[in-house]
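The values are calculated or read from the model by the stated rules, or taken from the named source; none is laboratory data. Keep in mind it's a predicted model, so treat the numbers as computed, not measured. We place every Cβ from the backbone using ideal geometry, glycine too, and count neighbours over all the protein chains shown. All accessible areas refer to the heavy atoms of the entire protein, side chains included, with ligands and DNA or RNA removed. Shrake-Rupley method; radii C 1.70, N 1.55, O 1.52, S 1.80 Å.
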Amino acid sequence: MTPPIKRLAASLAALVLLAGCATQPAPSTIADTAARTPQLSTLSSLIAQAGLSETLRGPGPYTVFAPNNDAFKALPAATMSKLAVDKELLRSVLTYHVMPGKTMAAQVGSTKVKTVNGAEINLSRTGTFVAVEDAVVVAADVPATNGVVHIVDRVLIPPAQK
């Protein structure tokens, strides 16, 4: 190749590389992943309100079953009001969605696992269909530097708070 063609080829290669970076966000922590994901904006604000941001930016690893905005909208208004005024209740509900360790959707079996909250949740998988309690995973294996996020369609309420 002649020098101008080499420079053009190098420029095109760099452009393709940069375009790929622009469409693939750099991996971030669970808290930052929630913050940058529009469908998790309610969860992100509740994580901050509960004082869990630094924990979910920590080393982990964690597996988070993250309720989407529609899941929070489906909660009764009274429940959301309680969560807004009772920080301990909010922390309890949010940590009920977090498991220690990193579990990808393909690793889920029909089992009970202990959450960071201390209570157990039921997990199940049939083919590619993954459920946690009565919530369905609608987007699995969202990568984070300190674990993985699975977006779910319901808010899980710990047994003591039901």
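Regarding Ala139, is this residue open to solvent by less than 60 Å² (accessible area, probe 1.4 Å) and not charged (D, E, K, R)?
When the stated conditions are applied, Ala139 passes them.
In segment 29-52, which residues are more than 13 Å from Leu90 (Cβ to Cβ) and either buried (at least 16 other Cβ atoms within 10 Å of the Cβ) or among the β-branched types (Val, Ile, Thr) (or both)?
Thr29, Ile30, Ala31, Asp32, Thr33, Ala34, Ala35, Thr37, Gln39, Leu40, Ser44
Before we move on, is Thr111 farther than 19 Å from Ala34 by Cβ and of a type in the set (Ser, Thr, Tyr)?
yes
Do we find that Asp153 is in contact (Cβ under 8 Å) with a residue 12 or more places away in the chain, in contact with a helix residue (DSSP H, G or I) (Cβ under 6 Å, 6 or more places away or on another chain) and open to solvent by 20 Å² or more (accessible area, probe 1.4 Å) in this structure?
yes
Would you point out the residue of segment 94-123, among those that are closer than 20 Å to Pro143 by Cβ and among the small types (Gly, Ala, Ser), that is surrounded by the fewest Cβ atoms within 10 Å (Cβ to Cβ)?
Ala106
Return the residues of segment 113-162 that are in contact with an Asp or Glu (Cβ under 8 Å, 6 or more places away or on another chain) and among the polar types (S, T, N, Q); say none if nothing qualifies.
Asn122
Among residues belonging to segment 53-93 that are of a type in the set (Val, Ile, Thr) and outside any helix (DSSP H, G or I), point out the one that is surrounded by the most Cβ atoms within 10 Å (Cβ to Cβ).
So, considering only residues that are of a type in the set (Val, Ile, Thr) and outside any helix (DSSP H, G or I), the one surrounded by the most Cβ atoms within 10 Å (Cβ to Cβ) is Val64.
For segment 97-135, enumerate the residues that are in a loop (DSSP other than H, G, I, E, B), more than 12 Å from Tyr62 (Cα to Cα) and either hydroxyl-bearing (Ser, Thr, Tyr) or free of Cβ contacts under 8 Å to residues at least 40 places away in the same chain (or both).
Val108, Gly109, Ser110, Gly118, Gly127, Thr128, Glu133, Asp134
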